[in-house]
Amino acid sequence: QVQLVESGGGLVQAGGSLRLSCAASGRFFSRYDMGWFRQTPGKERDLVGVIRRTGESTYYADSVKGRFTISRDNAKNTVYLQMNSLKPEDTAVYYCATNKMPYGRIDAKTLSSDVFWGQGTQVTVSS
């Protein structure tokens, strides 16, 4: 099973920035889309963004466009989420994920059972 480990969460004031990292195990990291999701208590996990296998193509939820940036370093088996201009409504547990199937796609309709999840990292944005 692919192992994903998120880091970089914390407490930040509104308008501040954080960079999340997700380190993945495995020797075929470049064969997989990588996604970032977030979840608040009582809610389903929402897709934040996706970066495709080669890194040139990305997708972002409307709520984070212009503020968040996804990147990946396939040589380091790591995907990043740079979060700028943070708002209190960005407060959530952030998870990275990859499709269980090589070359599989990740989008807003991807089922939770179809991906491997990291353990999550808490991001709290104060007013």
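The values are calculated or read from the model by the stated rules, or taken from the named source; none is laboratory data. Remember, predicted model here, so these are calculated numbers, not experimental data. Neighbour counts are summed over all protein chains in view; Cβ atoms, including those assigned to glycine, are modelled from backbone coordinates with ideal geometry. Note: accessible area is taken over every heavy atom of the protein model, side chains too, but ligands, DNA and RNA are not part of it. Shrake-Rupley method; radii C 1.70, N 1.55, O 1.52, S 1.80 Å.
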Checklist outcome for this item: How many residues of region 101-127 are part of a loop (DSSP other than H, G, I, E, B), in contact (Cβ under 8 Å) with a residue 40 or more places away in the chain and open to solvent by 70 Å² or more (accessible area, probe 1.4 Å)? The answer is 6
Checklist entry - What are the residues in region 78-99 that are loosely packed, with under 14 Cβ neighbours inside 10 Å and touching an Asp or Glu at 6+ places or on another chain (Cβ under 6 Å), if any? => result none
Next on the checklist: I'm checking my understanding of the structure. Among residues of region 42-75 that are among the charged types (D, E, K, R) and in contact (Cβ under 8 Å) with a residue 12 or more places away in the chain, which one is farthest from Cys96 (Cα to Cα)?
Outcome noted: Arg67
Checklist entry - Do we find a residue being more than 23 Å from Phe29 (Cα to Cα), modelled with pLDDT of 95 or more and not aromatic (Phe, Trp, Tyr) anywhere in region 67-81? => result yes
